Structures are given as structure tokens and as C-alpha cells.
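The values are calculated or read from the model by the stated rules, or taken from the named source; none is laboratory data. Since we're looking at a predicted model, the values are computed, not measured. Neighbour counts are summed over all protein chains in view; Cβ atoms, including those assigned to glycine, are modelled from backbone coordinates with ideal geometry. Ligands, DNA and RNA are stripped out before the accessible areas are found, and what is left, the full protein with its side chains, is counted by its heavy atoms. Shrake-Rupley method; radii C 1.70, N 1.55, O 1.52, S 1.80 Å.
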Amino acid sequence: MVEISASILSMKNENAIQTLYNLETSGIDYFHIDVMDGKFVSNNTTNNMLEYCEYLNSISNLPLDIHLMVEDVKNYISSFLVFEPNIITVHFEAAKNKQELLEWINYIKQNNCRAGISIKPNTDIKQIIPYLPFIHLVLVMTVEPGQGGQKLLQSTIKKIEELHKYITENNIEVDIEADGGINENNVNQIKGAGVNIIVAGTSITSSKNFKEAVTKLK
Ligand code: DX5
Ligand code: ZN
């Protein structure tokens with residue numbers, strides 16, 4: 001059974017508390033926190049996401065799955081470690097070289113948090129093969145990072161298949177998470193490609209019944 005990480009990016013601010021409560025009780029496995037700095041991507045969600053994490057820490061026992069789409073990665077890792085998240089994922093494309101990326105990964109792990117690397121749709125899966133022994137999760141973007149409610153890019157599915165084949169053949173323990181444009185119509189294709197965790201935002205938060213939407217995805 002795949003796990004569901006609900007993205008709160010597209011959540012309407014006016015009824016945020018009610019929405020978070022409805023998500024909490026809908027059967028999701030993680031809250032997916034999309035942190036954007038307005039530089040790595042044009043959207044800026046930093047203050048909103050800090051606020052939501054503060055609130056979630058006070059009302060929820062569900063683990064936080066932090067997705068950093070930022071340039072100043074080290075400082076953002078520090079800012080979100082305070083919420084004791086389960087996972088912090090950084091973007092491969094944000095690192096200027098291999099040792100910087102490994103430094104971020106080690107910093108996350110030294111703070112008792114699982115470490116993930118995310119790759120954009122145009123980044124080849126081969127780029128992250130060298131890092132697999134050091135991370136817990138690969139976040140394969142199935143849309144261009146930056147906003148919710150986009151259409152899933154079919155071309156990214158073979159990347160998931162390629163990664164799944166590689167880690168199976170090489171006996172590597174790493175989770176594969178897919179993120180962006182996933183809904184009940186394409187979820188089986190994504191599952192079939194070999195993911196363990198599915199990020200879903202709009203397909204849950206725009207539904208009338210969150211529990212039903214989550215059950216359908218699972
Ligand atoms: C996009 C984010 C995704 C997005 C998912 O940059 O990383 O997590 O919010 O939302 P949906 O499911 O609406 O595409
Ligand atoms: Zn995300």
C-alpha cells in the first residue's frame with residue numbers, strides 16, 4: 001500500500017484550520033510542506049509554511065514531509081528542523097557541487113531527520129545515483145516545481161521506472177516519492193512505476209470528501 005503525503009500548498013487560507021483538521025482525519029500519512037523562497041521558484045510560501053508547521057506541531061501527530069524549493073538551503077534546513085520533521089528534501093539543482101549536496105544531507109541526518117533529494121522533470125535520474133547510499137528518499141517531481149494544480153508530465157513516469165529498476169537491482173533501501181498533478185485517474189500508473197509515497201494536493205483539497213479522496217488514491 002502506498003503512503004499519501006498531502007500537500008497543503010493549494011489550501012485556501014480562510015479556512016486553513018478546518019482544512020488541516022479535515023486532512024488530519026482523512027487517512028493521510030504525512031503533511032507535505034512546500035517551502036518556496038521566490039528565488040528557486042517564483043512563488044514564495046515561506047511565512048505561510050512556517051506558520052502552518054507551527055500550528056501542525058501543536059495539533060497533529062502526523063509526520064511532516066518538508067519539500068525545500070529554495071536557494072539558501074542550509075538556512076532553510078535549520079529553520080524547519082525546529083519542527084522536528086520526519087523528512088527534509090532538498091533540490092539536486094540547488095547545489096553548486098557534490099560536496100555541498102552531501103553536506104546538506106549530512107546536516108539533515110545529524111539532526112535526526114530523514115534526508116531526501118528532489119529532481120525536477122528535466123533532470124536525468126542518473127544524476128542522483130551517486131547519492132542513493134546516503135539518502136532515505138528520492139522525490140521525483142512529476143510537474144515543474146512552483147505551484148499546485150498542474151497537469152502531471154507523462155515523461156516523468158519512465159524516470160520513476162528507471163529509478164525503481166536501479167534500486168531493486170542494486171538492493172538499495174530508498175523510498176521513491178512522486179510529486180505533482182497526481183489524481184485518481186493517473187495514480188495507478190504512478191504506483192505501477194514503483195513509488196512508495198504519493199504527494200497529492202489539489203486532488204484532495206479540492207474534493208468534497210477528503211477521506212474518500214485519500215482512500216481512492218491509496
Ligand atoms: C509543486 C509542489 C507540489 C504540489 C502538489 O511545486 O512541490 O507538492 O503542491 O500539488 P498538486 O497535487 O496540486 O499538483
Ligand atoms: Zn512538493
Worksheet item: With respect to E14, is the statement that it is acidic (D, E) and under 25 Å from D175 (Cα atoms) true?
Response: no
Discussion item. Pull out all pairs, ordered by first then second residue, where Cβ-Cβ is under 9 Å, the residues are six or more apart or on different chains, the first lies in the stretch 34-59 and is of a type in the set (G, A, S), and the second is open to solvent by 40 Å² or more (accessible area, probe 1.4 Å) and modelled with pLDDT of 95 or more.
Written reply: G38/N44; S42/Q147
Discussion item. Quick test for you: out of G194, G149, pick the one residue that is on the phi > 0 side of the Ramachandran plot and in contact (Cβ under 8 Å) with a residue 40 or more places away in the chain.
Written reply: G149
Discussion item. Looking only at residues that are over 15 Å from V199 (Cβ atoms), surrounded by 14 or more Cβ atoms within 10 Å (Cβ to Cβ) and not hydroxyl-bearing (S, T, Y) in the stretch 10-26, which one is farthest from ligand 1 (Cβ to nearest atom)?
Written reply: E24
Discussion item. Every residue in the stretch 54-72 that is within 15 Å of ligand 2 (Cβ to nearest atom) and either of a type in the set (A, V, I, L, M, F, W, C) or open to solvent by 70 Å² or more (accessible area, probe 1.4 Å) (or both), please.
Written reply: L64, I66, L68, M69, V70
Worksheet item: Which one of the conditions (1) within 14 Å of ligand 2 (Cβ to nearest atom); (2) basic (K, R); (3) loosely packed, with under 15 Cβ neighbours inside 10 Å does K98 fail to meet, given that it meets all the rest?
Response: (1)
Worksheet item: What is the number of the single condition among (1) of a type in the set (K, R); (2) more than 16 Å from ligand 1 (Cβ to nearest atom); (3) open to solvent by less than 70 Å² (accessible area, probe 1.4 Å) that K191 does not meet?
Response: (2)
Practice prompt. Write out, first by first residue and then by second, each pair whose Cβ atoms fall under 6 Å of each other, whose residues are 6+ apart or on separate chains, and whose first residue, in the stretch 14-32, is of a type in the set (F, W, Y) while the second is open to solvent by 20 Å² or more (accessible area, probe 1.4 Å).
Written response: Y30/P63; F31/L62
Worksheet item: Looking at the stretch 143-152, is at least one residue in a strand (DSSP E or B), within 20 Å of D29 (Cα to Cα) and within 13 Å of ligand 2 (Cβ to nearest atom)?
Response: no
